[in-house]
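Taking it in order: structure first as structure tokens, then the write-up.
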Amino acid sequence: MKKGAPPRFTFKQRAQIWLAYRLGRLLIGAIGRTLRFQVEGWDNYQSLRQANQPAILSFWHDQIPVATYFWRNRGIVVMTSEHFDGEYIARIIESFGYATSRGSSTRGGVRALLQLKRRLREGRDVAFTIDGPRGPRHKVKPGPLLLSRKSGCPIVCFHIQPQRYWQLGSWDRMRIPKPFSKALVRIGSPFYLREQDSHQQWMDTYQREMNRLGC
């Protein structure tokens, strides 16, 4: 188990976190190496990198396993919750070359957003599971919009659709790609918030973009 495990968890929970981390890392790495990715819209992301413009990446919670492998080793900073499941998710993604910022819409959110703003200023991309940590499933939350407004950085939504997968019975209906499956990656165009638009207009635009990519 990692040193310095958070004291807020019991011994049993820390053991479960350690086991979930080990199994998750093994599963994602083993399956990920067999996947065949087809990418649409890569230029939307690459153009920002060439311009040294950091981005706020956004995706659904049910895509964590496949997204973790696809975006690995890019130093992306991911917002993860301070809940029990957020702890082992953080450890798994850190092993694939990500950094984490702890917080959520229900706990530690302001602190985490300030951390992400600093990371954007450093030139690093950040990412959100926009319907996490507890749902509702496939409903956007305002965190990335607030961060975009404060930082001036664009939001880039993406969706990854495995052709074949197992679906868990969790609230997000997590999808685990089956080995050797094809996976379609759709990356949207960067979008910035317009000051003349209302908060509800921002939320509606955001939801439409996420829905469009998932079609």
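Things to note:
- Tally, over region 145-174, of residues that are among the charged types (D, E, K, R), at pLDDT 95 or above and surrounded by 15 or more Cβ atoms within 10 Å (Cβ to Cβ): 0
- T34 meets each of the listed conditions (1) more than 24 Å from Y192 (Cβ to Cβ); (2) modelled with pLDDT of 95 or more; (3) surrounded by 14 or more Cβ atoms within 10 Å (Cβ to Cβ) apart from (3).
- Residues being in a helix (DSSP H, G or I) and more than 13 Å from D131 (Cβ to Cβ) - total across region 206-215: 4
- Top-ranked residue in region 55-73 [being open to solvent by 10 Å² or more (accessible area, probe 1.4 Å) and either among the aliphatic types (A, V, I, L, M) or farther than 18 Å from Q167 by Cβ (or both); ranked as nearest to the chain's Cα centre (by Cα)]: I64
Every residue, every condition in (1) among the charged types (D, E, K, R); (2) within 19 Å of P54 (Cβ to Cβ), yes or no:
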residue	(1), (2)
S95	no, no
A112	no, yes
R124	yes, yes
K150	yes, yes
P162	no, no
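- R72 vs. criteria among the basic types (K, R), in contact with a Gly (Cβ under 6 Å, 6 or more places away or on another chain) and at pLDDT 95 or above: yes
- Out of E82, E87, one residue alone is of a type in the set (D, E, K, R), buried (at least 22 other Cβ atoms within 10 Å of the Cβ) and in contact (Cβ under 8 Å) with a residue 24 or more places away in the chain. It is E87.
- Test: residue in region 184-205 that is more than 20 Å from R74 (Cβ to Cβ), hydroxyl-bearing (S, T, Y), open to solvent by 50 Å² or more (accessible area, probe 1.4 Å) and assigned to a loop (DSSP other than H, G, I, E, B): yes
- Considering region 1-18, and only residues there that are of a type in the set (D, E, K, R) and at pLDDT 85 or above, the residue that is surrounded by the most Cβ atoms within 10 Å (Cβ to Cβ) turns out to be R14.
- Count - residues of region 116-144 that are among the hydrophobic types (A, V, I, L, M, F, W, C), assigned to a loop (DSSP other than H, G, I, E, B) and open to solvent by less than 10 Å² (accessible area, probe 1.4 Å): 1
The values are calculated or read from the model by the stated rules, or taken from the named source; none is laboratory data. Because the structure is a prediction, the values reported are computed rather than measured. Positions of Cβ are backbone-derived with ideal geometry, glycine not excepted, and every protein chain shown enters the neighbour counts. The area values use the complete protein model at the heavy-atom level, side chains included, leaving out ligands, DNA and RNA. Shrake-Rupley method; radii C 1.70, N 1.55, O 1.52, S 1.80 Å.
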